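The next block holds one structure in the form of structure tokens; read it before the comments.
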Amino acid sequence: MALLTPLLAFLYHLPQVYKWLLKPYYIASIFMSIAFLAIRKTPGVCDHLATEREDGNSCDFDWREVEILMFLSAIVMMKNRRAITVEQHVGNIILFSKVANVILFFRLDIRMGLLYLTLCIVFMMTCKPPLYMGPEYIKYFSDKTIDDELDRDSRVTWIVEFFANWSPECQSFASVYADLSLKYNCSGLKFGKVDIGRYGEVSKRYRVSTSPLSKQLPSLVLFQGGKEVMRRPQVDKKGRAVSWSFTEENIIREFNLNELYQKSKKLNKSKGDKINQSQFPPVPEEEEPEQPGVDEEEEEETETKKDK
């Protein structure tokens, strides 16, 4: 069952995986991830490589190379246990495949190792993972607008993500946060984002560190009445984030999104009633029309009684 669950999840997201892998960033990353395998297995190229195999076959992995690959495969499996999206799974595989390639190339030939490491550095500096471009109900803040928006209406609850575009964790979390905004956004419960990698003053004002060592990216903060109520991950006295998994289930449970959404819907209904009352004043009750001829008949009856 432990093996069947991730396999079914992978098959379910297979169309999405194909769509991501066809992007230039992932195509280049895959080629770099299999670089050592391609060189070791390509006839005419592998014949000139050094090997520690007893049979002298330089076109196959020796025992040390197999050991390195098995060790890094175990690390990938451990890292992927905490991955929450398919992007994180694929990203971890690509990242540690490149690490394995660096080690294997340096072991094979220091010149090939330096060349491959240089290519990795250039690729990392020039190519960025594609950003999430799907549907969302999220308002993006700047350093000048965030305070005004949070204080504009005290009845509105805000959930704000503090992120940085260069952070792989923030990039992976983007689709999860967008799905939450599509499910729970309303006029009384709103979702916002602010790039603290771009707006450093916001980072200091709301005490969210952009240092990779602090592990505070991304950070989700709940605001009610313009004031912070809670945040995840929590930060200890040393300024380091307490380990917390940014899964959709954790966010719904920790932030009580279902309860907040129900309260916000009631707020929307009361707002709508007030608006309708102000736009359409109550209609006065209509008086019943007098029936013609009734009074005349009564007068004739009284006159005849008097004559009698």
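Where a number appears in this text, it was derived from the coordinates with a stated rule and is not lab data. Just so you know, these numbers come straight off a predicted model, no measurement behind them. Note that we place each Cβ from the backbone using ideal geometry, even for glycine, and neighbour counts take in every protein chain shown.
Taking all pairs of different Cα atoms in the stretch 55-114, averaging 1/r and flipping that mean, what Kirkwood radius in angstroms comes out?
About 12.7 Å for the stretch 55-114.
Using the alpha-carbon centroid of each, what span in Å lies between the stretch 181-197 and the stretch 137-168?
Value for the Cα centre distance between the two parts: 7 Å.
Using only the Cα atoms of the stretch 24-87, what do you get for the radius of gyration and for Dmax, in Å?
Final numbers for Rg and Dmax: 15.1, 44 Å.
Kindly flag which residue pairs out of Lys79/Lys128; Lys139/Lys238; Lys183/Lys237; Lys227/Lys266 have an alpha-carbon separation exceeding 29 Å in this structure.
Lys139/Lys238; Lys183/Lys237
Within the set of other residues whose C-beta is less than 9 Å from the C-beta of Arg64, count the net charge using Lys and Arg as +1 and Asp and Glu as -1.
Within the 9 Å Cβ shell, the charges total -3.
Taking the Cα centre of the stretch 179-223 as origin, work out the dipole magnitude from +1 charges on Lys and Arg Cβ and -1 charges on Asp and Glu Cβ, in debye rounded to 20.
100
In vacuum, with every alpha carbon of the stretch 61-172 counted as one equal point scatterer, what does the Debye formula give for log10 I(q)/I(0) at q = 0.13, 0.24 Å⁻¹? Two decimals, please.
With no solvent term, the Cα-only Debye profile gives -0.71, -1.34.
I'd like the GluC sites (Glu not before Pro) in the stretch 26-108 restricted to DSSP loop residues with at most 14 other Cβ atoms within 10 Å, sorted by number.
Taking the stretch 26-108 and a limit of 14 other Cβ atoms within 10 Å, the loop GluC sites (Glu not before Pro) found are Glu52, Glu54.
For the stretch 133-204, just the Cα atoms, rotate onto the principal axes and tell me the three extents in Å, largest first.
Largest to smallest, the principal-axis extents are 34, 29, 15 Å.
For Ile94, what charge total do you get from the other residues with a beta carbon under 13 Å from its beta carbon, if Lys and Arg give +1 and Asp and Glu give -1?
Charge balance near Ile94 sits at +2.
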